[in-house]
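The values are calculated or read from the model by the stated rules, or taken from the named source; none is laboratory data. Small disclaimer: the values here were computed from a predicted structure and weren't measured. Positions of Cβ are backbone-derived with ideal geometry, glycine not excepted, and every protein chain shown enters the neighbour counts. To get the accessible areas, we keep the full protein, side chains included, count just its heavy atoms, and leave off ligands, DNA and RNA. Shrake-Rupley method; radii C 1.70, N 1.55, O 1.52, S 1.80 Å.
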Amino acid sequence: MSSRSHPVAIAPGGLALIGAWLVGLAIVRLTGAAAVLLFLVAALIAMAGSVVSGWLRLRSVNVTTFSLPPTATAGDSVDIVSEHIDQRRSSAPVDLVAFDTSWALSDVGMTSASVVIADPGILSSVDYSLETAGAAGLVRWRRRGSAPVSDVHVAPVAAGPVLHVEHAASSDDGSTAHGAGPKTGELDGARPWRPGEGEQAIHWPSTLRTGEIIAHERTAASEAQWSVSVESDPARLRWTLEEGRRRGHRVIVTDDSATESAGNVVRTADDSLKWSAIAADRRGIDSTGEAAPKPTPWWRRSISLVHKPLLPAPVPTHARLLTSAAALIALWMLLGALGGSLSQRALATGGVAVSTALSLRISKGARPTWTRILVAVVAVAALARIAVQASGIGGLLAALRGPMPDLLMLLVVLHGAEIADRRTTRVHLAVTGVIVAYAAGLRIDGRVGWWMLAWGVVTVAAFCQLDTTKLGELRRGVAARIGAWSAVGAMSTLALAAFVPVPDGPASLGLPALSNNDAPEAPDGSLVGPDGNPSPPSSTGDPSRGALGEVGGYTGFSDTLDTSVRGDLGDEIVMRVRAPEPAFWRGQIFTEFDGRVWRVSDVEGAPIEGPEIAIAPTVGDLPLAPTPTEEFVQTYHVEAQLPNVVFGAGRPETIIFDGTVFPRPDGAIRADRTLDPGTVYSVVSQRVPVTPTSLRDQGDLGERFAPFADRFQVAQFLAIPPSTSQATLDLAAQLRVEGSTYDTIRAYESWMARNTEYDLNAPVPDGDAVDDFLFDSQRGFCEQIASSLVVMLRSQGVPARLATGYIPGSRNQISGVFEVRASDAHAWVEVWFPDSGWEAFDPTASVPLSGESERSTVGADATSAVISGIASRPVELGLVVLGGLAAMAAMRGLLEWKRRRDRGPWGLLTDRFLALDPLTSTAPRAAAVIAGTIDTAESKVRDPHEVAELLDRVAFDPSFTPSADDQRAVATDIAAYERAVKQADRERVSVS
Amino acid sequence: MDFPPPPLAPAPNDAPRAVQPDAQPIDVRALAAQLVASIDAVVAGHHDIAEIAIATLFARGNLLIEDIPGVGKTLLAQVIARAVGGSFGRIQGTPDLLPGDVTGSMMPITDPVNGTRLEFRPGPVFANVVVFDELNRATPRTQSALLEAAEESTVTVDGTTHRLPTPNMVVATQNPIEIAGTYGLGEGSLDRFSAVVTPGRAAPEFELDVLTGRRGRSMLNAIEAITTPAVIARTQDEVAAIYVADAVGAYVVDILGATRRHPNIRLGASTRAGVSLISLARARAAMEGRTYVVPDDIAGLAVASLGHRVLVADSNGSTTAGRDLVAECVASVAAPTA
């Protein structure tokens, strides 16, 4: 009989995990890293699983019986033996609490402990509770129960004075008279001293001789009889009964409620103890007549925030080592994110190793002074170094890259040296979790997922090993259970993450900015190529193709853009952009077009010094209508040599840049230095969410802009090169959709999609690039396509311009950053919609409108990453999985083969025979146990003793050579025993 | 003092040891069963103790029975002596007992022919079974005289070496509870006993048998000699030839090592302890009709054989601490298997 399980306490140090989780949440807010969010979701699932594991573990254990001695004295310790059934042999320990004493259940189904029974009375059942924290040990669960025991008489400690007793004396002649107690007789020998006797009774000579207290035995002149009522004070009753016996009387307990009172003669100390217990039991019933209070339901019980274990909780060595591995992974991940040097990595590794060794010494009890001195010296030296470093810190990111990792490293290493118990271990793991979240927030490469996975596996393993005292052997069942738990955890993580939206960009507070001060400078804001030289005009007059060949050498990033020149672009990643949604990363804006070459004006912007730079709006940026805008935050991590072009999406409003920028009047932004690898800057953009409907509703822009067409601000976006052919103008007019410029654009795009072809190897145009592309070759690349669209739109009075930059690139779905490659360089069209500002259109690349894109969820991203990962290399992956399985099977097979070879056929049989009873170590003893468990006559098997003798003969009798028949017969017998024992176990379980 | 009459002529021990070629092999199993049965007939409820006692006899060892008074220690010793059928010597340990009282001494003898001369008069130790009651009441000097005689099977008096009869077994008793006026046996002396047994009180039904005379001292006279000392001597030879596999020997070494490493044991079991344990195990194997020793023999006898040979660090006066710790050590060592 037992009640429901309910949680009682959080494991010591468990709160640190919750704290770490909240810190992780703050990191998500700060960095907007989807990877951290995925990490937090996985951590949440793992914590939930760890909470449930205690409940599951508790369900598999059942206490069947308790054995107690039949008598006990309240307040004295007695031995108790509990028997239990554990249906799932797990290494997670389960504690049994009874009589305010807690002890761990043993593996073998029977556990003994020493308890103190506090209350006197007759004990017919034992109230116990089972407690466990499960494998991961985060929340402790308790289940109360009660098991019947054969009556235990618990008497109070005897205490005087003597109760009122009925005296009856029988004289020497046998007649009974009510006398006044016995007369003291003569000395009649010696006997052991009884507790409560005075020192006059002691016979000193024999006491000194024997070392035990010996008392005089005196004869009673007449036998007296004491009778005491059971309805008296239990402690005094016991004292009185003992005293009567001590004086040599016949002592009788009278029980008014019992029909027969003749048998109540007290003969031994146990009798008086029992009567005292009975008296206590009756008193107890009288005083507390009402029924026991109803137990509070589990949801109304308070959960203690910290479970204080009754015993000190040392950390098992393997759990300690796993903790160090987790710390090492976290530190390496952090150093990787911050570009830590090899010496830093070596330092971190060494520090963790030393601190592990120190903490292992501490947990073994040795606390040598030199370790403390060493730790103190290291701490002071490291702090001094950090202080020196920190004095020269300018920006936030510099601090993050300089002293911050050192500080965290120091924290982990020093705390690692102090790990002595499970609480500190859990805190340490929580700290490493914070570091992993921190690093995942900073890391933008694709390996972040693997690092987090490695840390997760190691940490979960450390948690699971923390409570066990022995290294759990990896049996088949355990491995399957671990696999099942991992699968369920991964599924639930993805499922839960599917409801978590991708974080909306980094918070402005934490926007990093970093640039290389040694990079080639462009002090006046003019365009400088990646090599630091002013970029040559791409228009060379030579009709041949220009091949710039550099990574960042896209022709669109120069003052002129020749539509006939196409850079030879590589596939390297030029930058990583952390942003919540895809967008065009715009670099340059071109307005002037002569039919072949786009040019930017010579007017440079005024310099504005960083780090936080507000950018004034330029022409067309301010929407006419009061349209709602939204903030769109991007962080650019430059990975290759790029010119001094500052990229940004939409309309940049604020730029966090470690340097000076020159916002040009046309909307493009240049920096005062080239962007080297390692440069980081952030852009906060304003976007107007638009949809096709909202754009269509703005009507025909040609008509709306017609009144202002002669003003320079508008006219510059309407200028058509003189070389434009009539065919182009006719086509534009012909495809125009009345009343909606948006639909006109779509019509132009679809015409081009039908009649032209995107071709990087298009022939170089001779005359007008637009005419050549539209009607002559009908093949072209993005510059030609975009130029055609601009010219056609301008011919219809719609303000348009050409923008160059990068398309969003592919999004790494774990780290959540867009990986922009050199080949993603692109040119597209921007159209001035008066109600919403400049809107990008592109006939070739599909980038959703800012109001259209649905923000993805972390789970969907991760799932698609996994699926695309599998789908892109199904065969390789399958081969890897198969190979892994085959390797595992081979390893297992090899070990099994080795075992079989080492043990030999008879050794294997002996192992099976001995395994039938795990407590015995020799075959004859196992045989005795098996013979007691199963009925050999009924199940028609050989006597196990014979089998045991045969097994011993094979092993130890040199004159005996077993035959193959012997082996077969023994194998058959053992198989029969195994079946019978299993059957007996099942019956035992079902009976209980 | 309760001296039995010493044997008039010490057994000539050298001759009968040679086994006649046509001698029938001895059925050790049947012999042991008979001996154990006769002990069981007298000493109630201690079958396992009886087996250990007979194993000690077969292993040429000496037995120490350590228990409270009145549980049949002396009776057990006597019934062994009777069943074996050899001579029986009995010594009661007292503080004034001298070594010469045990081993025998030169006595002046007067006869008409030779006149008065000194002649060796053998002590009670010259018997096949020597019962030494209350061993710890004798002085250490006397204790060691007895134990050395038992160990070496010879007694040297006045430069003459006298050989003890074969077989020769000392069964000593002592009361570990009462310590006033006793001389506790040193570790070296204890080490000479192959086994120490503590029978304890018999179960109530056996106690009833004793009280009503169905068993106990009154049955002692009904015990007849089952065998002869010569047969016992041959049995001892056969037992010594029982095969001990290397794995079993390694098992004993492991157990000895475990007693030496146990944190609560100040001094682990000696090599002699291991030798004696193997001998006992051989005897037990022979008693079960086997010609080889199995690990169960070792595990079953280790406590009796080693319990008194370890020095417990913190026993708090417990008389069973050594046995408990040895049992722990045995349980901690994996037994060899096929």
Query raised in the report: What is the packing order of peptides A:685-697, A:447-459, taking the mean over residues of other C-beta atoms within 10 Å and listing the highest first?
Result: A:447-459, A:685-697
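Ordered by packing density, taken as the mean number of other Cβ atoms within 10 Å over each peptide's residues, highest first, how do B:252-264, A:698-710, A:582-594 rank? Intermediate results must be reported in sequence, preceding the final value.
On the way: B:252-264: 17.5, A:698-710: 15.8, A:582-594: 22.2.
Ranking the peptides B:252-264, A:698-710, A:582-594 by packing returns A:582-594, B:252-264, A:698-710.
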Report summary line: In whole Hz, the Karplus estimates of ³J(HN,Hα) for the range A:350-359 (6.51, -1.76, 1.60; θ = phi - 60°; x where Gly or Pro) are x, x, 5, 4, 5, 5, 4, 4, 4, 5
Report summary line: Between B:Ala241 and A:Asp902, Cβ-based FRET efficiency (R0 35 Å, step 0.05) works out to 0.65
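For A:Tyr758, A:Tyr977, give the ranking by accessible area with the largest first, probe 1.4 Å. Intermediate values should be presented prior to the final figure.
Values: A:Tyr758 105, A:Tyr977 0 Å².
Ranked from most to least accessible, the order is A:Tyr758, A:Tyr977.
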Query raised in the report: Got a number for the accessible area of A:Asp571? Probe 1.4 Å, square angstrom, nearest 10.
Result: 100
Query raised in the report: Of all accessible surface on the range A:562-616 at a 1.4 Å probe, what whole percent is carbon and sulfur?
Result: 49
Query raised in the report: What dipole magnitude, in Debye to the nearest 20, does the range A:660-818 give about its Cα centre under +1 on Lys/Arg Cβ and -1 on Asp/Glu Cβ?
Result: 700
Report summary line: The answer for the range B:26-241, accessible area per residue at 1.4 Å probe in Å², is 41
Report task. At 1.4 Å probe size, with no ligands or nucleic acids counted, give the accessible surface of A:His318 in Å², nearest ten. Result -> 40
Report summary line: Computed for the range B:204-338: size of charge dipole around the Cα centre, +1 on C-beta of each Lys and Arg, -1 on C-beta of each Asp and Glu, debye to nearest 20, value 360
Report task. Report, ordered by chain and residue number, the aspartates and glutamates lying within cross-link reach of A:Lys982, taken as a straight Cα distance under 16 Å and ignoring same-chain residues fewer than 8 apart. Result -> A:Asp86, A:Asp917, A:Asp935, A:Glu938, A:Asp973
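I'd like the mean, over residues of B:289-298, of how many other protein chain beta carbons sit within 10 Å of each residue's own Cβ. Walk me through the numbers before you get to the answer.
Numbers: counts 0, 5, 6, 8, 3, 11, 8, 12, 4, 1.
Mean shielding by partner chains, rounded to a whole number: 6.
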Requested in this report: Please give the residues from the range A:901-925 for which the solvent-accessible area of heavy atoms, probe 1.4 Å, is smaller by at least 20 Å² with all protein chains in place than with the chain isolated.
Outcome: A:Arg903, A:Thr910, A:Ser921, A:Thr922, A:Pro924, A:Arg925
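As a test of reading the structure, rank A:Asp676, A:Asp127 by solvent-accessible area (1.4 Å probe, protein chains only), most first. List each step's numbers first, then the result.
Details: A:Asp676 15, A:Asp127 110 Å².
Solvent-accessible surface, decreasing: A:Asp127, A:Asp676.
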Requested in this report: Would you mind giving the mean number of other chain beta-carbons within 10 Å of the Cβ of each residue in A:945-952, as a whole number?
Outcome: 3
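Using protein heavy atoms only (no ligands, DNA or RNA), what is the total accessible area buried between B and A, 1.4 Å probe, nearest 100 Å²?
1500
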Report summary line: Taking a ≥ b ≥ c as the square roots of the Cα gyration tensor eigenvalues, with a/c under 1.5 meaning rounded and otherwise prolate when a/b beats b/c or oblate if not, the range B:26-241 comes out prolate
Query raised in the report: Excluding ligands and nucleic acids, what accessible area in Å² is computed for A:Met47 using a 1.4 Å probe, to the nearest 10?
Result: 40
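With +1 on each Lys and Arg Cβ and -1 on each Asp and Glu Cβ, and nothing else charged, work out how big the dipole of chain B is about its Cα centre, in Debye to the nearest 20.
Magnitude of the dipole: close to 180 debye.
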**Report entry** By accessible area with a 1.4 Å probe, ligands and nucleic acids excluded, highest first: order of A:Ile278, A:Ile974
**Finding:** A:Ile278, A:Ile974
Report task. Would you mind getting me the FRET efficiency between A:Ser868 and A:Val737? Use the beta-carbon distance for r and R0 = 45 Å, nearest 0.05. Result -> 0.75
Query raised in the report: Could the peptides A:870-883, B:72-85 be put in order, highest first, of the mean number of other beta-carbon atoms found within 10 Å of their residues?
Result: B:72-85, A:870-883
**Report entry** Share of carbon and sulfur in the accessible heavy-atom surface of chain B [1.4 Å probe, %]
**Finding:** 53
Report summary line: Per the C-alpha gyration tensor (a ≥ b ≥ c, the square roots of its eigenvalues), the range A:883-991 is rounded if a/c is under 1.5, else prolate if a/b beats b/c, else oblate; here it's oblate
Query raised in the report: Pick from B:Ala283, B:Ala222, B:Ala138: which is most flexible by mean-square fluctuation in a GNM of chain B where alpha carbon atoms under 10 Å apart are linked?
Result: B:Ala222
